[in-house]
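> Please read through the structure below; I'll follow up with questions.
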Amino acid sequence: MTNTTIGSVRFDNVVKKYGAVTALKKLDLSVEPGKLVTLLGPSGCGKTTTLRLIAGLEMATEGSIHIGGEDVTHLTATYRKVSMVFQSYALFPHMTVRENVAYGLTVKSVPKAEAAEKAENGLELVGLKGFGDRLPSELSGGQQQRVAVARAIVLEPEVLLLDEPLSNLDAKLRRHVREEIRQIQQRLGLTAVYVTHDQEEAMAVSDNIIVMRNAEIAQQGSPHDLYEKPNSEFIADFIGDANLAPCEISNYAKDEATIVLNDKKLKVPYAGTHKGAAKLVLRPHHLKLAEPSEPGFEGEITYAAYLGKEIQYTVDTEMGELFVVSSVVSNPFAIGNRVSVQWDNAHTRLVTS
Ligand SMILES: Nc1ncnc2c1ncn2[C@@H]1O[C@H](COP(=O)(O)OP(=O)(O)OP(=O)(O)O)[C@@H](O)[C@H]1O
Ligand SMILES: [Mg+2]
């Protein structure tokens, strides 16, 4: 299990059409060996299509696909060194756990004893040593999903593909299994492409996230980059909570813009060259509430929820409702209190589309 081959994935101008439907418009993407990259985006944006194209379960209408440097554009699934973990586990109910894990090896005519040994190693890897003789129905949902991961990994794929692998699990188990998948991927140095529409899950497991929208890439980068440097209103809103305050860019210089926000002039970080209407991205935990006599934007608390380690406020201001997350839980503000909303301009971001 230690010599699992790692491979890169590259799409050049890949188009996928299903009849009149364009599921992918000229997609360029690149996954580095040993990294876990997530395809994240709303339903119907083309995530599963991208995964199936990597697997060879669908063929590209245009463009080329490389895996581990090899042009696999015209190779079918059988000839690609990838394995896929499905949302539904797809375990064989009448086979034992060990037989399920060994199944792909048996199909590839690996000798029985060797297949059984590899299956045993695979089960140990996912923390299911000793479960080999059970039937899938004798396991919990999380354990079944781990069997599905073991079954994919024992094939020693160059690329491991996972399509919403956690969606059948409850919230607590989802977190546990996603941590396990990430640990196994890192320990084996596997290249993995992971599909989800859950942004928190994507942030938690990924080296890089590719956010898709309407059959194309909206933005890609590390979880940190996407959160701190969204390039559009869509990304700012999709990755983490954001308040989007309408403003006007009146001027810009090298790394900074002067904006007008409710009659106040502010200087904020900006690298673009657009004047006029924009939105200022204000993250809820970057906002601070102070007494109304202090400088800032005036508002009134309309909602307050105490959550133990933080308080979530809704504040009605001239620029609209703001969602504020405060880690100061002593002496909270109450509904109806007048407040001044403050932030550090260095923590803001302008988006213009
Ligand atoms: N076999 C098919 N025939 C025709 N259209 C298809 C086919 N498979 C997918 N599509 C269409 O292609 C687009 C992308 O589908 P895809 O399954 O890749 O979306 P997705 O991002 O995985 O969505 P979800 O989050 O709902 O799983 C959708 O508009 C879908 O209706
Ligand atoms: Mg899908």
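No value in this document is a laboratory result; all are computed from the given coordinates. All figures in this text were calculated on a predicted structure; none of them were measured in a lab. Cβ atoms come from the backbone with ideal geometry, glycine included; neighbour counts cover every protein chain shown.
> Would you mind giving the three semi-axes, in whole Å and largest first, of the ellipsoid equivalent to the chain according to its Cα gyration tensor? All intermediate terms of the calculation are to be shown ahead of the outcome.
Numbers: eigenvalues 424, 132, 44 Å².
Working from the Cα gyration tensor, I get semi-axes of 46, 26, 15 Å.
> Where a Cα-Cα gap under 17 Å defines reach, which aspartates and glutamates qualify for Lys25, not counting those fewer than 8 residues away within the same chain?
Those aspartates and glutamates meeting the cut-off are Asp12, Glu58, Glu62, Glu216.
> Let me ask another. Find the eigenvalues of the gyration tensor of the Cα atoms of segment 217-294, then list the square roots of 5 times those eigenvalues as equivalent ellipsoid semi-axes, largest first, in whole angstrom. Each step should come with its number before you reach the end.
Working: eigenvalues 94, 68, 23 Å².
Computed over segment 217-294, the values are 22, 18, 11 Å.
> What stretch of the chain, leaving out the sites themselves, is the longest with no GluC sites (Glu not before Pro) in a DSSP loop having at most 16 other Cβ atoms within 10 Å?
Here the longest segment lacking exposed loop sites spans 1-309.
> A further question on this structure: Could you tally the net charge around Gln186, taking each other residue with its Cβ under 13 Å from the Cβ of Gln186, Lys/Arg +1 and Asp/Glu -1? Show your work: numbers first, answer last.
Details: positive: Lys35, Arg178, Arg182, Arg187; negative: Glu179, Glu180, Asp207.
Spelling it out: positives minus negatives among the neighbours equals +1.
> Starting from the amide H of Ala242, placed 1.01 Å from N in the peptide plane, find each other amide H under 5 Å away whose residue is 5 or more places distant or on another chain.
Close amide H contacts, sequence-distant or interchain: none at all.
> While we're looking at this one, here's another question. For the residue pair Gln312 and Lys265, what label-to-label distance in nm results when each label sits 7 Å from Cα along the Cα-to-beta-carbon direction?
With each label point 7 Å from Cα toward Cβ, the separation is 3.8 nm.
> What list do you get for Arg146, Arg283 if you sort them by fewest beta carbons within 10 Å?
Working: Arg146 25, Arg283 20.
Ordered from fewest to most neighbouring Cβ atoms within 10 Å, Arg146, Arg283 come out as Arg283, Arg146.
> Where the Cα atoms of segment 126-255 are projected onto their three principal axes, how long is each span, largest first, in whole Å?
70, 30, 25
> Let me ask something else. Kyte-Doolittle mean at least 0.0 and Cα extent at least 15 Å along the axis: which DSSP H helices of the chain qualify? All intermediate terms of the calculation are to be shown ahead of the outcome.
Details: long enough: 97-107 (16 Å, 0.39); 112-125 (20 Å, -0.78); 141-153 (18 Å, -0.15); 171-188 (26 Å, -1.36).
Helices passing the filter in the chain: 97-107.
> Further question: Quick one: Phe92, Phe297, fewest Cβ neighbours within 10 Å first, how do they rank? List each step's numbers first, then the result.
Values: Phe92 12, Phe297 20.
Placing the least packed residue first, the sequence is Phe92, Phe297.
> Segment 248-353: Rg/Rh from Cα coordinates, Kirkwood Rh? Please list the in-between numbers first.
On the way: Rg = 14.8 Å, Rh = 14.6 Å.
Expressed as Rg/Rh, it is 1.01.
> Fewest first, what order do His176, His66, His224 take by the number of other Cβ atoms within 10 Å?
Values: His176 12, His66 16, His224 9.
Listed from fewest to most nearby Cβ atoms, that is His224, His176, His66.
> Could you count how many Lys pairs in segment 225-353 have their Cα atoms under 25 Å apart, skipping same-chain pairs fewer than 8 positions apart?
Lysine pairs, 8 or more places apart or on different chains, close enough: 23.
> Using only alpha-carbon positions, what ratio does the radius of gyration of segment 76-196 give when scaled by 2.2 N^0.38 Å?
Working: Rg = 13.3 Å, N = 121, 2.2 N^0.38 = 13.6 Å.
It is 0.98.
> Could you list the trypsin sites (Lys or Arg not before Pro) in segment 279-346 that lie in coil according to DSSP, counting only those with at most 13 other Cβ atoms within 10 Å of their Cβ?
Values: sites: Lys279, Lys288, Lys309, Arg338; in loops: Lys309.
When the trypsin sites (Lys or Arg not before Pro) of segment 279-346 are filtered for loop state and at most 13 Cβ neighbours within 10 Å, Lys309 remain.
> Another question, if that's okay. Rg(Cα) of segment 74-140 divided by 2.2 N^0.38 Å?
Working: Rg = 12.8 Å, N = 67, 2.2 N^0.38 = 10.9 Å.
Dividing the Cα radius of gyration by 2.2 N^0.38 Å gives 1.18.
> Excluding residues on the same chain fewer than 8 positions from Lys81, give the aspartates and glutamates whose Cα lies under 13 Å from its Cα.
Glu70, Asp71, Glu156, Glu158
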